[in-house]
Amino acid sequence: MRILAVDDDDIALDLLGNALRGAGYTDLETATSGAEAMDIICKTDRPFDVFLLDIRMPGMDGIELCERIRNMDRYRRSPVVMITAMSERHFIDGAFAAGAIDYISKPFDAK
């Protein structure tokens, strides 16, 4: 399973990567911004199976990134899971409206 994780916090990406690799998911690529993620997505020859997107990032946030991913024919049905420290309902509602299927709360619990 090929995973793209996007978060502007390097520590959060490291923790997420360690948890995923510990669970056996080794085909992981990361990006630190929505723009970098779109560049990776557009240039890859091998499609991603799952996207893990931080909601709050400078520039293009995870909700906008989710919308852009969903607008690509290749990824209309791919799982997009949002990562958030936000507890405000409107962020979560916005993520689901953009096409996310679920969300993970920060801080991460590896279990």
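Couple of notes before you dig in:
- Accessible area expressed per residue, the chain, with surrounding protein chains retained (probe 1.4 Å, Å²): 56
- Taking only protein heavy atoms and a 1.4 Å probe, the accessible area of the stretch 42-111 is 48% carbon and sulfur.
- Here the calculated FRET efficiency for Arg76 and Ala19, from their Cβ-Cβ distance with R0 = 25 Å, stands at 0.35, rounded to the nearest 0.05.
- For the chain, share of DSSP beta bridges that run antiparallel, in % to the nearest 5: 0
- Prolate/oblate/rounded call for the chain, Cα gyration tensor, a/c under 1.5 rounded: rounded
The values are calculated or read from the model by the stated rules, or taken from the named source; none is laboratory data. Remember, it's a predicted structure, so these values are computed and weren't measured experimentally. A quick note on method: Cβ atoms are made from the backbone with ideal geometry, for glycine too, and the neighbour counts reach across all protein chains shown. Please note that ligands, DNA and RNA were not included when accessible areas were found on the heavy atoms of the full protein model with its side chains. Shrake-Rupley method; radii C 1.70, N 1.55, O 1.52, S 1.80 Å.
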